[in-house]
Amino acid sequence: MQNVTLAVAILGCALVLVLPRAYALSAYVGVIVWYPDYMRFALGTLDISVSRIVICVLLLRCIVDSGIARQFVWSRYDKWVVLSIILWAGIYCAAHYDTAAAFENRGGFAMDTLFVYLAARLTITNKREILSFAMVSGVILAPLAVLGAVEAVTHRLLFYHLTQFRSWRASIIEGPVTGEGRWGLTRAMGPFSHPIMFGSYFATFLPLVRMVRYRAGLQRSMVYILCGLAVIGALSSMSSCSWLMLGTVVFCLAMERFPGCVKPLARVLVVFTILVEVVSNRHFYHVFGEAINVLGGDWWQRVALVDRAIADFGTWCWIGTGGRDPMWFDPRGADFTDLNNEFLMVGVESGLFGLLAFCVVLVLAFRGLARSYRRTADKTLKSVYWALGSILVGTIVVWQGVSYFGQPLMLFYCVLGLIGSSFTFAERKQPVLVRHARSGVAVPAG
């Protein structure tokens, strides 16, 4: 299978070199969502994934392109993203008992985060490119959603056979593979490592595809089909986390018609949370966790994990644990601590400073999107900013039940790169086309 992996890597590199920039980024997304991240080939002591090779080639293309370099201007948001990644990786290496292994681990982490962020930031430079990226990525999404529905109905995990070729914890497979069932259906996972991550992929791209609805012709008609497939793909995971993210994203998109209600609703949510904490005999996250556990998942384990993290705050708050297992009690009886909360994962690996820097990135993203939304009168741009904000809200919600690694982590930093680029869209002056100059009608570019 190493020859197949190498062939996929060569094909991916060729696509990101020859395609237009927006489509090249879509080709990278196609590689990471269709070819399992655990399928790697050996290079000395390193196990190299296809996605890391392709992103290095795409980033190198952006760097050597003088036109892209001239357009790029570092923003405060860019600096905080880079700083958060450096803190996350640097503190991990400083606290790890094996420096060489730590550098090797964080080197791959940098390719999955920093390289992806910079590539997305450099390739998407205007409204037209982000819409093209969204549409092509949505087309890539469509057959994967069908595959998810097939897995859910047939009870066969079609990609799971490839786990026997993993270089770590290789599976021993004999005969067809059936997945975990819920409500008479199987939890689909496709080429991802977990059903939650499979479902969150579709919930992430639903807002991106929807923002293309203002384009005319065939693309506008395709938007509704692709959005429907994204919903089917998210539901096929049969995961409470994925369904919760999907519901959150759909609610946020529906609120685009009532932007004035966002702040009052946020205040009501804060007040309600405080009331639950005061009135209930349990912490608010225990109450909320039980309320949203509609599919019978392990939310009780997740809230217990938060309790333990608070109780042992002093053991990880400064420099984390250096990648070592904090050995917190797992009520499910697992022999390791399943840190299935993104904020706890960042805190445990990078300490309080890394966690704060990570939170600053999220705050700056929301502030920048809100400011850009208010600054532009272009309804398409407004839809772009609202869609990106909806993805962020949905991602923060799903992080309460899963910590990202592999493909979802790359997709998230790709979204952060899109957000960083989108801030410049509203700042550019929109030219008046010559043919409209006499009538005095200004036509937006892109």
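Of the numbered conditions (1) of a type in the set (Ser, Thr, Tyr); (2) within 25 Å of residue 357 (Cβ to Cβ); (3) surrounded by 20 or more Cβ atoms within 10 Å (Cβ to Cβ), residue 99 fails exactly one; give the number of that condition.
Status for residue 99: all satisfied but (3).
Do you know which residues across the stretch 88-123 are among the hydroxyl-bearing types (Ser, Thr, Tyr) and free of Cβ contacts under 8 Å to residues at least 24 places away in the same chain?
Our first condition is that a residue be among the hydroxyl-bearing types (Ser, Thr, Tyr); within the stretch 88-123, this holds for 92, 97, 99, 113, 117, 123.
Listed by number, the list holds a single entry, 99.
Can you tell me which residue in the stretch 179-201 is farthest from residue 137 (Cα to Cα), limited to those that are in contact with a Ser or Thr (Cβ under 8 Å, 6 or more places away or on another chain) and either at pLDDT 85 or above or assigned to a helix (DSSP H, G or I) (or both)?
187
Quick one: in the stretch 181-216, which of the residues that are farther than 21 Å from residue 299 by Cβ and aliphatic (A, V, I, L, M) is surrounded by the most Cβ atoms within 10 Å (Cβ to Cβ)?
206
Is it true that residue 17 is over 19 Å from residue 191 (Cα atoms), at pLDDT 90 or above, of a type in the set (A, V, I, L, M) and in contact with a Phe, Trp or Tyr (Cβ under 6 Å, 6 or more places away or on another chain)?
Numbers: over 19 Å from residue 191 (Cα atoms): yes; at pLDDT 90 or above: yes; of a type in the set (A, V, I, L, M): yes; in contact with a Phe, Trp or Tyr (Cβ under 6 Å, 6 or more places away or on another chain): no.
Considered against the rule, which asks whether it is over 19 Å from residue 191 (Cα atoms), at pLDDT 90 or above, of a type in the set (A, V, I, L, M) and in contact with a Phe, Trp or Tyr (Cβ under 6 Å, 6 or more places away or on another chain), residue 17 comes out as no.
What number of residues within the stretch 367-413 satisfy the criterion of being in a helix (DSSP H, G or I) and within 30 Å of residue 301 (Cα to Cα)?
Keep residues of the stretch 367-413 that are in a helix (DSSP H, G or I), which gives 367-375, 379-398, 407-413.
Retained after the next criterion (residues that are within 30 Å of residue 301 (Cα to Cα)): 389-398, 407-413.
Number of matching residues: 17.
With (1) at pLDDT below 80; (2) in contact with a Gly (Cβ under 9 Å, 6 or more places away or on another chain) as the list, and residue 319 as the residue in question, which single condition is left unmet?
(1)
Can you tell which of 384, 398, 402 is in contact with an Asp or Glu (Cβ under 8 Å, 6 or more places away or on another chain), hydrophobic (A, V, I, L, M, F, W, C) and surrounded by 23 or more Cβ atoms within 10 Å (Cβ to Cβ)? Walk me through it before giving the result.
Working: 384 fails: in contact with an Asp or Glu (Cβ under 8 Å, 6 or more places away or on another chain); 398 fails: in contact with an Asp or Glu (Cβ under 8 Å, 6 or more places away or on another chain).
Answer to the check: 402.
From 146, 139, 116, grab the single residue that is at pLDDT 90 or above, surrounded by fewer than 20 Cβ atoms within 10 Å (Cβ to Cβ) and within 19 Å of the chain's Cα centre (by Cα). Walk me through it before giving the result.
On the way: 146 fails: within 19 Å of the chain's Cα centre (by Cα); 116 fails: surrounded by fewer than 20 Cβ atoms within 10 Å (Cβ to Cβ).
Unique residue meeting the criteria: 139.
Only one of these conditions is not met by residue 280: (1) among the hydroxyl-bearing types (Ser, Thr, Tyr); (2) without any contact (Cβ under 8 Å) to a residue 60 or more places away in the chain; (3) in contact with a Pro (Cβ under 9 Å, 6 or more places away or on another chain). Which number is it?
Every listed condition holds for residue 280 apart from (3).
Output yes when any residue across the stretch 227-246 is out of contact with any Gly (no Cβ under 6 Å at 6 or more places or on another chain), closer than 21 Å to residue 401 by Cα and in a loop (DSSP other than H, G, I, E, B), and no when none is. Working first, answer last.
Residues of the stretch 227-246 out of contact with any Gly (no Cβ under 6 Å at 6 or more places or on another chain): 227-232, 235, 238, 243-244, 246.
Those still in the list that are closer than 21 Å to residue 401 by Cα too: 230-232, 235, 238, 243-244, 246.
Then keep just the ones that are in a loop (DSSP other than H, G, I, E, B); that gives 238.
For the stretch 227-246, residues out of contact with any Gly (no Cβ under 6 Å at 6 or more places or on another chain), closer than 21 Å to residue 401 by Cα and in a loop (DSSP other than H, G, I, E, B): present.
Please return the ranges of helices (runs of 4 or more DSSP H) entirely within the stretch 1-71 where 3 or more residues are out of contact with any helix residue (DSSP H, G or I) (no Cβ under 8 Å at 6 or more places or on another chain) and aliphatic (A, V, I, L, M). First the steps, then the outcome.
Values: elements: 2-18, 21-34, 50-64, 66-71.
Helices (runs of 4 or more DSSP H) meeting the threshold: 2-18.
Can you tell me which residue is surrounded by the most Cβ atoms within 10 Å (Cβ to Cβ) among those in the stretch 27-84 that are touching a residue at least 12 places away in the same chain (Cβ under 8 Å) and of a type in the set (Gly, Ala, Ser)?
51
Residue by residue through the stretch 405-419, note down the ones that are surrounded by 21 or more Cβ atoms within 10 Å (Cβ to Cβ) and either out of contact with any Gly (no Cβ under 8 Å at 6 or more places or on another chain) or over 23 Å from residue 111 (Cα atoms) (or both).
Within the stretch 405-419, the first condition is being surrounded by 21 or more Cβ atoms within 10 Å (Cβ to Cβ), and the residues that meet it are 407-408, 410-419.
Across the stretch 405-419, the qualifying residues are 407, 408, 410, 411, 412, 413, 414, 415, 416, 417, 418.
Please determine, by comparing only the residues of the stretch 241-284 that are surrounded by 11 or more Cβ atoms within 10 Å (Cβ to Cβ) and charged (D, E, K, R), which one is farthest from residue 342 (Cα to Cα).
Among them, the one singled out is 256.
List pairs: first in the stretch 356-380 and small (Gly, Ala, Ser), second not in a helix (DSSP H, G or I), Cβ under 6 Å, 6+ apart or cross-chain?
368/423; 372/423; 372/426
Answer yes or no as to whether residue 21 is over 24 Å from the mean Cα position of the chain (by Cα), under 28 Å from residue 125 (Cα atoms) and of a type outside the set (A, V, I, L, M, F, W, C).
Answer is no for this residue.
Inspect all residues belonging to the stretch 285-304 and state whether any of them is in a helix (DSSP H, G or I), surrounded by fewer than 17 Cβ atoms within 10 Å (Cβ to Cβ) and at pLDDT 90 or above.
no
The values are calculated or read from the model by the stated rules, or taken from the named source; none is laboratory data. This structure is a prediction, so every number in the text was calculated from the model and none was measured. Here the Cβ is made from the backbone with ideal geometry for all residues, glycine too, and neighbour counts use every protein chain on show.
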